[in-house]
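Right, one structure below, let's go through it.
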Ligand code: ATP
Ligand code: MG
């Protein structure tokens, strides 16, 4: 029994439905959170109702404070009802009449239990009616949540066959509740793991990214590999298991295990999406650019995500492991490294990229980030300098490509932040440039 259920933000929507004689309930992730006694703050409230899509539109389209927007689920009876601008997904109770593993043909029903019975797992087949303050739990999802078990509603083989995405949703739900996939369902997943490739890349991607964003999401690729699912998601990463460094140095971790170690330790403040991205970076930091791009593009990941992971894969290995950045010559090496990264990074993103690289390297241990952070605080782009070509000319360098070369050298040495220190460095560099040209 749940001790107390918070009032959902969507309560006014339920009041409208009930006032018009329809049933409506909160389902999905919000209910899973309530059932496992977690904070529901920020969790989407999915709504299911006996009202047909036309009735939903008629009820909310012209009512003050509400609006209805279509989303791409509309053909399946899902619409967005906006309450003071905040969107809630509202789906009409439904029953499957045919499924082919990817698409379901559905008809509307006004029976809530019929609707709940087509949902994938018992922990996702719980509903809450906030008007009657009643929990509807025909498949004992609350008991499974207490035991932290993800169990299919009905026969696991048949339920997986109806929609192969459930192969992936089961471990995602297990990760979300910090629990396990029930053994019968787990067996069915292993036996059918290959069918995951039938599911569209976009649907696989969305599940993977949600999984990676959870508190324990660093472990997601390990769980997926154990269920034989990783090869249908991130094949190049999967192929690194048991290969790579270990074959040369038997006591070292292999490339996949190093990724696990980094993903476990790397942390940056920010959203779940940011955390998911950092974990992908952790796994791909030592992979080749070709395999990184092929895995992420194969899942139709957004270009921005692919580019940010590729950037890390391009530069991470240049951070030395042997402590050489603690040596006296190190500031120069670190500036060279940072300038190289900056050449491939928009200025607005550079600080974040440096923190990502540091966070990943710190997760491997034996690294002092202070000198790199210090070097990154000084200008890395021409536009950030407090001096310009006129200052170079006024030091006697003739107009031409030499001016740009002097400014580039100024960025390399680490010019300091103030105009005074940059002018001082500049005159040293100009003197050096003159001496060099005199001696040739
Ligand atoms: P989250 O919001 O954290 O992603 P969720 O459980 O709400 O988790 P949604 O994708 O929003 O996931 O789906 C809402 C609900 O719809 C689920 O809880 C489940 O009851 C049902 N559902 C979603 N996808 C499927 C599916 N492939 N098969 C069966 N039921 C599903
Ligand atoms: Mg949801």
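For the condition out of contact with any strand residue (DSSP E or B) (no Cβ under 9 Å at 6 or more places or on another chain) and in contact (Cβ under 8 Å) with a residue 60 or more places away in the chain, residue 378 does not qualify. Regarding segment 25-39, can at least one residue be identified that is assigned by TED's automatic domain parsing to the domain that holds residue 131, farther than 27 Å from residue 144 by Cβ and buried (at least 18 other Cβ atoms within 10 Å of the Cβ)? For segment 25-39, residues assigned by TED's automatic domain parsing to the domain that holds residue 131, farther than 27 Å from residue 144 by Cβ and buried (at least 18 other Cβ atoms within 10 Å of the Cβ): absent. If we scan segment 15-35, do we find a residue that is closer than 21 Å to residue 173 by Cα, more than 16 Å from ligand 2 (Cβ to nearest atom) and without any contact (Cβ under 8 Å) to a residue 40 or more places away in the chain? No.
Count of segment 320-359 residues, restricted to those that are buried (at least 18 other Cβ atoms within 10 Å of the Cβ) and assigned to a loop (DSSP other than H, G, I, E, B), is 1. Number of residues in segment 100-116 that are at pLDDT 95 or above, in a loop (DSSP other than H, G, I, E, B) and either within 16 Å of ligand 2 (Cβ to nearest atom) or in contact with a helix residue (DSSP H, G or I) (Cβ under 8 Å, 6 or more places away or on another chain) (or both): the value is 1.
Somewhere in segment 256-265, is a residue in the same structural domain as residue 345 (by TED's automatic domain parsing) and either surrounded by fewer than 14 Cβ atoms within 10 Å (Cβ to Cβ) or free of Cβ contacts under 8 Å to residues at least 24 places away in the same chain (or both)? So far as segment 256-265 goes, yes, one or more of its residues are in the same structural domain as residue 345 (by TED's automatic domain parsing) and either surrounded by fewer than 14 Cβ atoms within 10 Å (Cβ to Cβ) or free of Cβ contacts under 8 Å to residues at least 24 places away in the same chain (or both). Taken residue by residue, segment 73-83 has at least one member that is part of a helix (DSSP H, G or I), surrounded by fewer than 19 Cβ atoms within 10 Å (Cβ to Cβ) and more than 13 Å from ligand 1 (Cβ to nearest atom). In the set (1) surrounded by fewer than 14 Cβ atoms within 10 Å (Cβ to Cβ); (2) within 20 Å of residue 129 (Cα to Cα); (3) away from ligand 2 (no atom under 16 Å from the Cβ), residue 62 fails one condition alone, (2).
Scoring residue 301 on the criteria (1) under 15 Å from residue 234 (Cβ atoms); (2) in a helix (DSSP H, G or I); (3) touching a residue at least 60 places away in the same chain (Cβ under 8 Å) leaves a single failure, condition (2). Among the residues of segment 280-295, those identified as buried (at least 24 other Cβ atoms within 10 Å of the Cβ) and assigned to a helix (DSSP H, G or I) are 280, 281, 282, 283, 284, 292. The condition (being surrounded by fewer than 17 Cβ atoms within 10 Å (Cβ to Cβ), within 16 Å of ligand 2 (Cβ to nearest atom) and within 20 Å of residue 277 (Cα to Cα)) is satisfied by just one residue among 206, 176: 206. Taking (1) in contact with a strand residue (DSSP E or B) (Cβ under 7 Å, 6 or more places away or on another chain); (2) closer than 19 Å to residue 209 by Cα in turn, residue 136 satisfies each apart from (2). The residue pairs whose first member lies in segment 160-177 and is assigned to a strand (DSSP E or B), whose second member is within 15 Å of ligand 2 (Cβ to nearest atom), and whose beta carbons are closer than 9 Å, counting only pairs six or more residues apart or on different chains, are 163/120; 163/169. Considering only residues in segment 75-84 that are modelled with pLDDT under 95 and in contact with a helix residue (DSSP H, G or I) (Cβ under 7 Å, 6 or more places away or on another chain), the one that is nearest to residue 107 (Cα to Cα) turns out to be 77.
With respect to the conditions (1) at pLDDT 95 or above; (2) closer than 28 Å to residue 184 by Cβ; (3) not in a loop (DSSP other than H, G, I, E, B), residue 97 falls short on a single one, namely (1).
In summary, residue 347 fulfils each of the numbered conditions (1) in contact with a helix residue (DSSP H, G or I) (Cβ under 8 Å, 6 or more places away or on another chain); (2) free of Cβ contacts under 8 Å to residues at least 24 places away in the same chain; (3) within 18 Å of residue 378 (Cα to Cα) with the single exception of condition (2). Among the residues making up segment 41-72, those that are within 15 Å of ligand 1 (Cβ to nearest atom) and modelled with pLDDT of 95 or more are 45, 46, 47, 48, 49. What number of residues within segment 217-256 are part of a loop (DSSP other than H, G, I, E, B) and modelled with pLDDT under 95? Residues flagged as part of a loop (DSSP other than H, G, I, E, B) and modelled with pLDDT under 95 within segment 217-256 amount to 11.
The values are calculated or read from the model by the stated rules, or taken from the named source; none is laboratory data. Please read these numbers as outputs of a predicted model, since none were measured by experiment. Here Cβ is always computed from backbone atoms with ideal geometry, including for glycine, and neighbour counts include all displayed protein chains.
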